[in-house]
Amino acid sequence: MAEILGEKGIVKLLLGNEAVARGAIEAGIDVAAGYPGTPSTEIIEALIPAARELGFYVEWSTNEKVALEVALGAAISGLRGLAVMKHVGLNVAADTFMSIGYTGVRGGLVIVSADDPNCHSSQSEQDNRIYGMHAYIPVIEPYAPQEAKDATVYAFDLSEKYSTAIMLRLTTRISHTRGPVVFGDLRRRRTRGNFIKDPSRWVLLPVFSRKLHVKALERISSIAKEFSNFPLNKIVQMNPSDEGIIASGVAYGYVMDALNMLNLRDKVSVLKLATPYPIPNDLIISFLKRLKRVLIVEELEPVVELQVKDLVVREGISVEIKGKEYVPRVLELNYVKVAKAIAEFLGLQFIPPRVEEENLPPRPPVFCPGCPHRATYYIIKRAVASEKVNAVYLGDIGCYTLGVNPPFRATDTSYCMGSSIGLSMGIFRATDQFPIATIGDSTFFHAGIPALINSIYNRSGILVVVFDNLITAMTGFQPHPGTGVSALGQKARTIAIEDIAKAIGVNFVKVIDPYNINESVKIMREAIAFVLKNKEPAVVVSSRECALRAYRRILKSGKSIKRYFIDENVCTKCLTCINTFACPAIMIKDNKVVINSDLCIGCGVCKQVCPYNAIKEVV
């Protein structure tokens with residue numbers, strides 16, 4: 001993580017996410033909250049050390065809805081709040097988000113939605129600019145790290161000026177691109193707010209909501225006028241030709257690169273747009289009236305395109321608007337895709353540059369050596385085979401989703417955070433198969449508890465296996481309510497998953513150590529038998545620290561790692577260790593099964609897996 005503190009005028013190379021964090025502290029942030037999710041995670045991560053020094057509040061919340069409400073609580077009390085999440089996280093926060101569009105805020109509220117075109121680490125390419133339109137919440141979309149920092153400051157100021165939340169829409173390419181960022185002044189924080197009671201604004205009863213709806217529309221109309229003078233919106237060039245381009249967000253950078261590639265830099269007019277909703281009507285009208293044809297370049301959905309087409313009809317402007325006829329609606333854009341779209345729009349021939357592809361074999365992601373999740377899946381599959389049940393594996397969002405791969409093939413569904421338990425109840429009602437819900441510890445706190453309560457209340461015969469590696473591992477080891485530590489590193493109360501399960505009425509709750517294979521298989525079989533007999537839920541918590549964290553801690557302590565080898569005099573080459581356990585530290589070399597000591601972390605689980613006791617500890 002780059003250091004985001006420093007005096008005005010300093011230039012640092014920052015990730016887009018780090019630039020947003022710097023912008024937040026320049027704007028005088030008071031409260032920041034988020035839930036980890038790629039590509040948004042680094043924003044809160046960068047704010048944590050700054051918060052320790054400057055004294056503002058930062059937290060990792062249990063989910064995105066809670067994070068938004070924490071930031072909103074500060075904003076309706078006159079302070080500045082920041083809520084951070086990835087794009088699908090806004091689905092979790094949507095109920096609150098939609099209501100904010102009516103009530104507005106008193107202090108500043110910026111909601112970061114880090115979208116993920118290309119599904120680099122997500123289940124969808126959801127374009128959250130549409131959420132802004134739906135909720136009457138303005139959207140600002142920067143195209144580079146410097147602009148991300150500046151846009152954050154502008155967003156807080158606009159939020160307070162118009163008493164509205166502002167969505168800052170990033171994409172993976174902005175969040176994870178590094179660029180030079182010039183630091184500005186740090187504003188003084190307000191430190192303490194004051195909530196002013198006003199039921200007609202803050203209590204969304206129908207009699208109040210109807211009036212607030214009208215005010216929300218009026219507010220958006222005013223902001224559309226303001227955006228025509230917004231410093232990040234500008235006509236970059238006006239050329240004598242009849243063709244022009246409107247480029248929104250990161251697409252602007254691709255457009256300028258593409259024009260250079262096509263030698264069209266001085267032949268096409270360009271309007272750079274950083275506010276896809278509401279669009280700056282006056283600025284766009286002045287641009288369109290000089291042209292006959294305009295191409296709109298934006299990533300994913302035609303959000304700007306549809307608004308511009310509506311504006312053209314309402315204003316009676318004689319101009320042809322094109323967009324998704326030429327610009328792809330799926331996956332990330334790049335300068336080659338954009339160059340192809342511009343060339344087709346202008347009727348030019350374009351031969352894309354040749355890209356040499358290396359003939360590399362596909363390499364799907366795998367569990368790390370020593371990962372307790374691998375052992376847990378091995379345990380589940382052995383128990384299922386022993387009990388002879390026709391299992392359906394309802395998966396969730398986390399490292400353990402890799403259970404979809406061979407040899408386990410133990411993830412049959414994966415929709416969203418917490419969906420595993422809910423889906424398992426539907427499978428139980430709809431089929432004669434045996435539903436097994438697999439869910440992680442952080443995900444359990446995020447969205448699994450209500451579904452588990454529902455399984456008790458409606459008596460669903462399901463097995464819930466919680467993969468508890470004692471941290472939010474997939475996004476970089478952020479704490480959660482089960483870790484005993486807060487985002488700021490302060491000691492916090494540890495909330496045990498098994499205690500929650502018992503408290504809500506689960507009658508079978510047991511904790512296993514996945515490194516103890518035989519005992520764990522025995523308990524997993526007991527859990528399956530309990531569900532089959534009683535037609536009610538059972539919970540097994542498979543608890544063992546993430547292997548990467550444990551390994552690092554051992555190395556830092558100076559202790560030695562246990563080492564294992566395969567005795568070739570005993571090994572029968574049955575390949576159980578490879579075909580059913582699949583630890584990447586075990587491989588075939590020179591027609592022998594061997595353990596790569598550079599990869600092995602000494603968990604010893606493979607020793608228990610080998611049916612011929614060929615795996616032994618190095619003495």
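Checked against the criterion of being in a helix (DSSP H, G or I) and in contact with a Lys or Arg (Cβ under 6 Å, 6 or more places away or on another chain), segment 62-78 contains not a single residue that satisfies it. Looking across K215, K272, K267, one residue alone is in a loop (DSSP other than H, G, I, E, B) and basic (K, R). It is K267. So, in segment 403-423, exactly how many residues are on the phi > 0 side of the Ramachandran plot and over 22 Å from the mean Cα position of the chain (by Cα)? Result for segment 403-423: 1.
Among residues of segment 90-111 that are more than 16 Å from L168 (Cα to Cα), those with a beta-carbon under 7 Å from a residue that is among the acidic types (D, E) at least six positions away or on a different chain give the pairs V92/E64; T96/E69; G107/E160.
Taking (1) of a type in the set (D, E, K, R); (2) assigned to a helix (DSSP H, G or I); (3) surrounded by 14 or more Cβ atoms within 10 Å (Cβ to Cβ); (4) within 33 Å of the chain's Cα centre (by Cα) in turn, E344 satisfies each apart from (4). Of S557, S520, all but one fail to be modelled with pLDDT of 95 or more and among the polar types (S, T, N, Q); the exception is S520. Between residues in segment 448-472 that are farther than 18 Å from V540 by Cβ and residues that are small (G, A, S) and surrounded by 24 or more Cβ atoms within 10 Å (Cβ to Cβ), which pairs lie under 6 Å by C-beta distance while being six or more apart or on different chains? Hits for this filter: T472/S442. Candidates are the residues of segment 292-322 that are in a strand (DSSP E or B) and charged (D, E, K, R); the one that is surrounded by the fewest Cβ atoms within 10 Å (Cβ to Cβ) is E320.
Apart from one condition, F350 fits all of (1) closer than 26 Å to E526 by Cα; (2) out of contact with any Gly (no Cβ under 9 Å at 6 or more places or on another chain); the exception is (1).
Which residue, of V384, V336, V366, is assigned to a helix (DSSP H, G or I), surrounded by fewer than 19 Cβ atoms within 10 Å (Cβ to Cβ), out of contact with any Gly (no Cβ under 8 Å at 6 or more places or on another chain) and β-branched (V, I, T)?
Details: V384 fails: surrounded by fewer than 19 Cβ atoms within 10 Å (Cβ to Cβ); V366 fails: assigned to a helix (DSSP H, G or I).
After applying the criteria, what remains is V336.
None of C546, C600, C577 is surrounded by 19 or more Cβ atoms within 10 Å (Cβ to Cβ) and either closer than 26 Å to S442 by Cβ or among the aliphatic types (A, V, I, L, M) (or both) except C546. Checked against (1) surrounded by 15 or more Cβ atoms within 10 Å (Cβ to Cβ); (2) small (G, A, S); (3) at positive phi, S248 passes all but condition (3).
For segment 420-444, a residue qualifies if it is buried (at least 24 other Cβ atoms within 10 Å of the Cβ) and within 23 Å of Y35 (Cα to Cα), and the qualifying residues are S420, I421, A437, T438, I439, G440, D441, S442, T443, F444. Just checking, does segment 485-504 include any residue being over 28 Å from G426 (Cβ atoms) and in a helix (DSSP H, G or I)? No, every residue in segment 485-504 fails to be over 28 Å from G426 (Cβ atoms) and in a helix (DSSP H, G or I).
When you check E53 against the structure, is it in contact with a Leu (Cβ under 8 Å, 6 or more places away or on another chain), under 20 Å from T172 (Cα atoms) and of a type in the set (D, E), yes or no? Judged against the criteria, E53 is not a match. Being under 24 Å from P231 (Cα atoms) and within 27 Å of the chain's Cα centre (by Cα): is that true of Y335 here? Spelling it out, it is not the case that Y335 is under 24 Å from P231 (Cα atoms) and within 27 Å of the chain's Cα centre (by Cα). State whether the residues of segment 87-98 include one that is assigned to a loop (DSSP other than H, G, I, E, B), among the aliphatic types (A, V, I, L, M), out of contact with any strand residue (DSSP E or B) (no Cβ under 6 Å at 6 or more places or on another chain) and under 24 Å from T472 (Cα atoms). Checked segment 87-98: at least one residue is assigned to a loop (DSSP other than H, G, I, E, B), among the aliphatic types (A, V, I, L, M), out of contact with any strand residue (DSSP E or B) (no Cβ under 6 Å at 6 or more places or on another chain) and under 24 Å from T472 (Cα atoms).
The set of residues in segment 246-271 being touching a residue at least 40 places away in the same chain (Cβ under 8 Å) and under 16 Å from Q307 (Cβ atoms) consists of I246, A247, S248, G249, A251.
Output the residues belonging to segment 99-150 that are touching a strand residue (DSSP E or B) at 6+ places or on another chain (Cβ under 8 Å) and part of a helix (DSSP H, G or I). Selection gives I100, R129, Y131, G132, M133, P145, Q146, A148, K149. The residues in segment 257-311 that are over 33 Å from the mean Cα position of the chain (by Cα), over 19 Å from A343 (Cα atoms) and charged (D, E, K, R) can be counted, and the count is 3.
The values are calculated or read from the model by the stated rules, or taken from the named source; none is laboratory data. Predicted model only: the values in this text are computed from it and were never measured. Quick reminder, even Gly has a Cβ in these numbers, built from the backbone with ideal geometry, and neighbours come from all protein chains shown.
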